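Down below is the structure, laid out as structure tokens.
What follows is calculated from the coordinates using simple rules that are stated; it is not laboratory data. Computed from a prediction, not measured in an experiment: that's the story for all the values here. Because the Cβ atoms are built from the backbone with ideal geometry, glycine has one as well, and the counts that use them run over all protein chains shown.
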Amino acid sequence: MSNAGIESTFAQVIVDLPGVAALDYSLPSDVAVHASIGVRCVVPLGRNTRVGIVVGFDQPVIDVSKIKPIRRALTEIEALNQHWLQLTRFAADYYQHAWGEVALPALPRALRGVPGVRYAQTLARLRAQKSPRWAEQEAQKLVHTAQQLAAIDAVATSEGYAPHLLFGVTGSGKTEVYLSAIARRLAADPTAQALLLVPEINLTPQLESSLRTRFPNENVVALHSNLADAERAAAWLAAHERRARIVVGTRLAVFSSVPHLSIIVIDEEHDPSYKAGEGVRYSARDLAVKRAQLLDIPIVLGSATPSIESWAQARAGRYRLLQLTERVGAGNASRPRPALELIDARVQKPHNGLSAPIAQALTDTLDRGEQSLVFLNRRGYAPVVTCESCGWLSKCPHCSTFAVFHKADRSLRCHHCGYTASVPRACPTCGNQNLKAVGQGTQRIEETLRALLPTAQIARIDRDSTRKRHAAKEALDAVHAGEVDVLVGTQMIAKGHDFQRVSLVVVLNPDGQLASHDFRAPERLFSTLMQVSGRAGRAGLPSRVLVQTRFPAHPLFSALARHDYSQFAEAQLAERQAARMPPSTHQALMTAEARTLQSALEFLRAAREQALQQFTVAASHVRLFDPVPMSLQRLAGVSRAQLLIEADHRAQLHTLLSGWLAALREKRTPLRWNIEVDPLEL
Ligand code: ADP
Ligand code: ZN
Ligand code: ZN
């Protein structure tokens, strides 16, 4: 669509600037012939030039003599289409940011910077880049179960916008449903493209290789933040130019340009990493559903432990519920699931982190030549170092938290701000030379395991052990190859890995999460425990799951022992409805950062007052709570406070936010503040 026939000599352009709506520019005639909606362009901005995207050709409302011309239209690649513009605009409005702040960062770096002299060569190189060849696997011929068939059929034959919640226990063959549904959509339309979102791509090499095995003749591209700029740009362009038919990626891929998108799949839809932690705090899952709705296509949200939000949607009939209740796969499909055994840590006192029954089970498993998995959600050696004579604790000087002891280099490290120091030789307060490491981290458990099982091959996977690129994959490959007897690790070992010989799963100290004040903590803990325990007994070995806890009577464990997520989810949903919490209400969280807690709180109090005074009608439908310090009150030397905003209806929340935030932005305070719509952590 060219602008040749358009009378206007002006255009609106979005750029990546906070708080700035589309800007007006004039269209010189040589640019006008190339300009169309969705074309990238180079525009002057202040003393610089920037890349923006043309979004309109309206007559400006401001004084036209002040308007500068667009320098150049970048037509070397196809314009971004209407759907993509609609999606990014929706996201910007919904999450209360400028359109350009969402749209421009969604482009790969090579396409959002002002082109240099070698632009044409760069594009040619990106287009020529072949995606890496993968070790070809023998494609399995599977006979789908009746439940799988029903799910695949439901998705593949659906018409228009059709959201499906695929609720399938771990090992029930959800991946097979995704792949077959995608295959059917691609076969039905030779131009169709598919988008598959996963929570953490460097931990799911199995999925990529399944895709490449399943679709040997299709170009499959991956999009995630671990890629080098050029790789990412090449993959993005391949999807945009329809050379790639399948895009697999992490949350950022939800904004990729996939012009013939005809099916979206979100694996592990409950996973918190779909929510962006910085910048525009979008939820890739929620946006993917919106994208399916805008495009009028099917979407599959898959999980063994769906988010309570999606559960509520299915219950209300807005998502179609598809269930896979049986485990499938090698060995025996009908074998019993591993029994959950609770070890009461108050009775069976742990020694160096492990209680006697757990040490015994680990020894027995090794003797049988089988694998064990030890899960502890805390990296480092010990969470804190203390002086027993005066009570000194290794606090981070910049945060309201402890610096964690790392034994290898005898350092104290803050996991929040990155502060690092050597462990003092003597207590800084009283000079006592006997400092003590308190509590257990994965490094310390690894040490305990090495002492307990001197002949075993032990591997550890956490953020520290996997800093090097490919380190995680190499460690996981070693586990798959059977070279590892015991794998100890954090959350990172819980996700989606198909270890064949694991017959024992040990969960250490989930108690912190049981006692958390965050209303989503039980949901998260349940799903993590379900996921780790799902690692056991995949190949049909009789297997056990042992949980060491000081609260064995907690109701969460009884639901977990029955593998009954539905009942747990129902109870959670009922509890939240009764307490008027999401999903029955809608929240936003305003946060402020300042030198002192006092000024952060004051800013929020003033903001709240302004909402009540100036936006009285809108605010009357919304609950604005008192500002409070954040749970991690100081971070990297900055004090932080938060203000929770809640409404019974989403529209009421957004009505208040749009007016109120615009007014706040105009005030220009030196203090940093942010808004998060649908916050996941409070
Ligand atoms: P989930 O994602 O639900 O945890 P997977 O998709 O990883 O489960 O499936 C578990 C294993 O079962 C995989 O190795 C897969 O190849 C295999 N599998 C899937 N469907 C079938 C089937 N119908 N018959 C036999 N094996 C299957
Ligand atoms: Zn001391
Ligand atoms: Zn810190």
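Full-extension gain between A663 and I62, please, as 0.36 nm times their residue separation minus the C-alpha to C-alpha distance.
My answer for the length gained is 214.3 nm.
Order these by the 10 Å Cβ neighbour count, fewest first: Y565, Y119.
Least to most surrounded, the residues fall as Y119, Y565.
If you line up the long axis of helix 284-295 against the longest principal axis of the chain, both from Cα atoms, how many degrees apart are they, to the nearest 10?
40 degrees
Using alpha carbon centroids, what distance separates region 11-47 and region 338-373, in Å?
Value for the Cα centre distance between the two parts: 64 Å.
Measure off 7 Å from each Cα along the Cα-to-Cβ vector at A561 and N48, then give the distance between these two points in nanometres to one decimal.
If labels sit at A561 and N48, their model points lie 6.0 nm apart.
Which stretch or stretches of region 424-466 have amide N atoms under 13 Å from the point lying 7 Å from D409's Cα along the Cα→Cβ direction?
Under cut-off, by backbone N: 464-465.
Can you tell me the 0 to 90 degree angle between the C-alpha axis of helix 565-578 and the longest principal axis of the chain, rounded to 10?
Orientation of helix 565-578: about 60 degrees from the principal axis.
With runs of 4+ DSSP H residues as the only contributors, calculate the mean residue ellipticity of the chain at 222 nm using -39,500 (n - 2.57) per run, divided by the residue total and rounded to the nearest 500.
Roughly -9500 deg cm²/dmol at 222 nm, from the helical runs in the chain.
What percent do you get for the relative contact order of region 464-544 when only Cα pairs under 8 Å and 6+ apart count? Could you put the intermediate results ahead of the total?
Numbers: 65 pairs, mean separation 27.9, N = 81.
For region 464-544, the relative contact order is 34 percent.
Roughly what percent of Cα-Cα pairs across the chain reach past 34 Å? Provide the component values of the computation, followed by the final result.
Numbers: 122138 of 232221 pairs.
For the chain, the fraction of Cα-Cα distances above 34 Å is 53 percent.
Kindly put H415, H240 in sequence by how many other C-beta atoms sit within 10 Å of each C-beta, fewest to most. Don't jump to the answer; show the numbers that get you there.
Values: H415 18, H240 22.
Ascending number of Cβ neighbours within 10 Å: H415, H240.
Going highest first, how would you order 306-313, 320-327 by mean Cβ packing within 10 Å?
Those peptides, ordered most packed to least, come out 306-313, 320-327.
Suppose R0 equals 30 Å. What FRET efficiency, 1/(1 + (r/R0)^6) with r the Cβ-Cβ distance, do Q433 and K395 give to the nearest 0.05? Walk me through the intermediate numbers first.
Values: r = 20 Å, r/R0 = 0.66.
The formula returns an efficiency of 0.95 here.
Pop a pseudo-label 7 angstrom from the Cα along the beta-carbon direction at both N674 and Q360 and give the gap in nm to one decimal.
4.9 nm
Highest mean first, what order results for 41-48, 601-608, 482-489 on Cβ atoms within 10 Å?
Ranked by mean Cβ neighbours within 10 Å, highest first: 482-489, 601-608, 41-48.
Length gain on complete extension for the stretch S225 to A188, per 0.36 nm per residue less the alpha carbon to alpha carbon distance?
Gain in length upon complete extension: 10.1 nm.
Please give the length that would be gained between Q82 and L612 if that part of the chain were fully extended, namely 0.36 nm times their separation in residues minus their C-alpha to C-alpha distance (nm, one decimal).
Extending this stretch completely gives an extra 187.0 nm.
Lys and Arg at +1, Asp and Glu at -1: add these up for the other residues within a Cβ distance under 14 Å of V254 and post the number.
Value of the local net charge: +2.
Would you tally the net charge around E269, using a Cβ to Cβ cut-off of less than 11 Å, leaving E269 out, and scoring K and R as +1, D and E as -1?
Details: positive: K174, R285; negative: D267, E268, D271, D286, E309.
Its environment carries a net charge of -3.
Only residues of region 150-171 count here: report those whose backbone N is under 12 Å from the spot 7 Å along Cα→Cβ of T325, or say none.
So the set is 169.
At a 10 angstrom cut-off on C-beta neighbours, averaged per residue, how do the peptides 28-36, 293-301 rank from highest to lowest?
Highest mean packing first, the order is 293-301, 28-36.
Would you mind ranking M590, M492 so that the residue whose beta carbon has the fewest other beta carbons within 10 Å leads the list?
M492, M590
For q = 0.11, 0.14, 0.17, 0.20 Å⁻¹, what log10 I(q)/I(0) does region 429-566 give under the Debye formula with an equal point scatterer on each alpha carbon and no solvent?
-0.48, -0.76, -1.06, -1.34
Kindly express, to the nearest 10 degrees and within the range 0 to 90, the angle between helix 146-156's C-alpha long axis and the longest C-alpha principal axis of the chain.
Approximately 10 degrees, to the nearest 10.
Given points 7 Å out from each Cα along the Cα-Cβ axis, report the R463 to Q348 separation in nanometres with one decimal.
For R463 paired with Q348, the spin-label model returns 3.1 nm.
Given +1 on the Cβ of Lys and Arg, -1 on the Cβ of Asp and Glu, and no further charges, what dipole in debye does region 338-465 carry about its Cα centre, rounded to the nearest 20?
Charge dipole, region 338-465, about its Cα centre: 520 debye, nearest 20.
Can you give the charge dipole size of the chain about its Cα centre, rounded to the nearest 20 debye, using +1 on the beta carbon of Lys and Arg and -1 on the beta carbon of Asp and Glu? Don't skip to the end; give the middle numbers.
Working: 78 positive and 63 negative charges, 270 e Å.
The dipole magnitude comes to about 1300 debye.
Taking 8 Å as the Cα distance limit and 6 or more residues as the minimum spacing, I'd like the relative contact order of region 527-682 as a percentage.
Computed value for region 527-682: 27 percent relative contact order.
What is the distance in Å between the Cα centres of region 609-628 and region 496-571?
The two parts, judged by their Cα centres, are 41 Å apart.
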